[in-house]
1. Consider Val162 carefully, then state whether it is modelled with pLDDT of 90 or more, part of a strand (DSSP E or B), hydrophobic (A, V, I, L, M, F, W, C) and closer than 23 Å to Phe91 by Cα.
2. Looking at the stretch 103-114, is at least one residue part of a loop (DSSP other than H, G, I, E, B) and under 20 Å from Val28 (Cα atoms)?
3. Tell me, please, whether a residue that is free of Cβ contacts under 8 Å to residues at least 60 places away in the same chain, within 30 Å of Leu142 (Cβ to Cβ), charged (D, E, K, R) and not in a loop (DSSP other than H, G, I, E, B) can be found in the stretch 84-94.
4. Within the stretch 59-80, take every residue that is part of a loop (DSSP other than H, G, I, E, B) and touching a residue at least 40 places away in the same chain (Cβ under 8 Å) and give me the one that is nearest to Leu152 (Cα to Cα).
5. Among the listed residues Val162, Val99, identify the single one that is touching a helix residue (DSSP H, G or I) at 6+ places or on another chain (Cβ under 6 Å) and outside the structural domain of Ile213 (by TED's automatic domain parsing).
6. Run down Pro207, Pro138, Pro154 and say which single residue is in contact with a helix residue (DSSP H, G or I) (Cβ under 7 Å, 6 or more places away or on another chain) and surrounded by fewer than 15 Cβ atoms within 10 Å (Cβ to Cβ).
7. Identify the residue in the stretch 88-114 that is of a type in the set (Lys, Arg) and within 12 Å of His198 (Cβ to Cβ) and, among all such residues, is surrounded by the most Cβ atoms within 10 Å (Cβ to Cβ).
Amino acid sequence: MSVILLIDDDASLHNLLSQYLEHQGHQVVHAADGREGLRQLFEQRPNLVILDVMMPVLDGWTTLERIREMSDLPVILLTAKDTETDKLRGFRLGGDDYVTKPFSFAELSARIEAILKRSAGLNKQQDILQVGGLVVDPVRHLVTRDGQPIELTPTEFKLLEVLMRAPGQVFTQEQLVSKVWGEEYADEVGYIRRYIWHLRQKIEPEPNAPIYIHNERGIGYKLSV
């Protein structure tokens, strides 16, 4: 059974969504604001967080920043703010998915299952991956460049791992989405462009002149050998 922490000040949404997710086999822990959410995060050790952006006391953006200071567990942002700027901000701060209100419980549940499945599979393959000065340790969930540690979100880590396991191979955006998010996300190619950008900001010595992740125009991306 997966433990899901729902941080949202909407009591009605909490009651309905909790019932739905518990029927799907999850245990749901609730917090009405970011400060309480951080306390529950420490005490309950959830497998995934659903985080509302607009909340009193401590908003979702700040809460997400605090979560990323202490944990890399998956976070789904839940909000009525659906502009491209807001979505990019969420991904930049370390969110793993972004669901806008109104939404269907079935869609959110599918996204939860895909992320939990992805997170559970991170440690299955145990070999150390290395390309140049870039090293990925799937078991310890560590990334270093020239010996210096790099902090990645679970989704960023999985995307890098997929590329690192096949250096030189060109992946289409659809292939990467399927491998990282799951087959049900195959049409969401916008995810890849956002995450490639964020990944480059973290692993490349010069993000505007990448030496690791290269764009094959009209096709997709590859990790340079």
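1. Values: modelled with pLDDT of 90 or more: yes; part of a strand (DSSP E or B): no; hydrophobic (A, V, I, L, M, F, W, C): yes; closer than 23 Å to Phe91 by Cα: yes.
Spelling it out, it is not the case that Val162 is modelled with pLDDT of 90 or more, part of a strand (DSSP E or B), hydrophobic (A, V, I, L, M, F, W, C) and closer than 23 Å to Phe91 by Cα.
2. Here is the first cut: in the stretch 103-114, the residues part of a loop (DSSP other than H, G, I, E, B) are 103-104.
The next check asks that each one be under 20 Å from Val28 (Cα atoms); those that pass are 103-104.
The answer is yes; a qualifying residue exists.
3. Looking for residues that are free of Cβ contacts under 8 Å to residues at least 60 places away in the same chain, within 30 Å of Leu142 (Cβ to Cβ), charged (D, E, K, R) and not in a loop (DSSP other than H, G, I, E, B), one finds at least one in the stretch 84-94, hence yes.
4. First, pick out the residues of the stretch 59-80 that are part of a loop (DSSP other than H, G, I, E, B): 59, 71-74, 80.
From what's left, touching a residue at least 40 places away in the same chain (Cβ under 8 Å): 72-74.
Details: Asp72: 8, Leu73: 11, Pro74: 11 Å.
Step by step, filter the stretch 59-80, then rank; the result is Asp72.
5. Details: Val162 fails: outside the structural domain of Ile213 (by TED's automatic domain parsing).
Selected residue: Val99, the only one of Val162, Val99 that is touching a helix residue (DSSP H, G or I) at 6+ places or on another chain (Cβ under 6 Å) and outside the structural domain of Ile213 (by TED's automatic domain parsing).
6. Numbers: Pro138 fails: surrounded by fewer than 15 Cβ atoms within 10 Å (Cβ to Cβ); Pro154 fails: surrounded by fewer than 15 Cβ atoms within 10 Å (Cβ to Cβ).
Result: Pro207 is the single residue among Pro207, Pro138, Pro154 that is in contact with a helix residue (DSSP H, G or I) (Cβ under 7 Å, 6 or more places away or on another chain) and surrounded by fewer than 15 Cβ atoms within 10 Å (Cβ to Cβ).
7. Here is the first cut: in the stretch 88-114, the ones of a type in the set (Lys, Arg) are 89, 92, 101, 111.
Filter once more, so that each one left must be within 12 Å of His198 (Cβ to Cβ): 89, 92.
Working: Arg89: 17, Arg92: 13.
Per the criteria, the residue is Arg89.
Yes/no per residue for (1) closer than 20 Å to Gly95 by Cα; (2) assigned by TED's automatic domain parsing to the domain that holds Asp82; (3) β-branched (Val, Ile, Thr); (4) surrounded by fewer than 19 Cβ atoms within 10 Å (Cβ to Cβ):
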| residue | (1), (2), (3), (4) |
| --- | --- |
| Asp9 | yes, yes, no, yes |
| His23 | no, yes, no, yes |
| Gln27 | no, yes, no, yes |
| Arg35 | yes, yes, no, yes |
| Leu41 | yes, yes, no, no |
| Leu51 | yes, yes, no, no |
| Pro56 | yes, yes, no, yes |
| Glu69 | yes, yes, no, yes |
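The values are calculated or read from the model by the stated rules, or taken from the named source; none is laboratory data. Here the structure is a predicted model, which means the values were calculated and not measured. In this analysis, Cβ positions are derived from the backbone assuming ideal geometry, glycine residues included, and neighbour counts consider all displayed protein chains.
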